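Chemist: Following this message is one structure expressed as C-alpha cells.
Values quoted throughout were computed directly from the atomic coordinates according to the rules given, and no laboratory measurement underlies them. From a predicted model like this one, the values you see are computed outputs, not experimental measurements. Because the Cβ atoms are built from the backbone with ideal geometry, glycine has one as well, and the counts that use them run over all protein chains shown.
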Amino acid sequence: MNQLTKNTFPIDLELLSIKQVCAATGLSRTTLWRRLRSPCDDFPRPIQISNGRRGFRAEEIRKWIQSRVPISYVSHSGEVAIPNTQVT
C-alpha cells in the first residue's frame, strides 16, 4: 500500500479555514462571503473539503494579499514590509 507523506505529495495543498482567512486578510466573515458571491470579485475561491467544509489554498490567499499591498511596501524578495504608521 502506497502512503502519501508531506515530502512526496506532488502539490502544495496547505489549506486555511474561513477563520484563518479572515484573520489574515482583515475581512469579516460577512464581507468574505459577499466577495465570494460576487462573480466580478478576484478573491480566491475555496475548495470543497467535505460536506459543509471548505478550505482556501494558502498560496492563493498570500498572492491576493500581496496584490493589495502598494508596490513600495514590497521588497525585492517579495516580502511585504509595512512601514511604521504610528502617529506622533
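Chemist: Which order do the peptides 22-28, 55-61 take when ranked by the mean count of other beta-carbon atoms within 10 Å per residue, highest first?
Modeler: The densest-packed peptide leads the list: 55-61, 22-28.
Chemist: Q20 to C40: FRET efficiency via 1/(1 + (r/R0)^6), r the Cβ-Cβ distance, R0 35 Å, to the nearest 0.05?
Modeler: The value I calculate is 0.90.
Chemist: Just going by the charge dipole of the range 15-73, with Lys and Arg at +1 and Asp and Glu at -1 on Cβ, which of T31, W64, N51 is farthest out on the positive end?
Modeler: The residue sitting farthest along the positive end of the dipole is N51.
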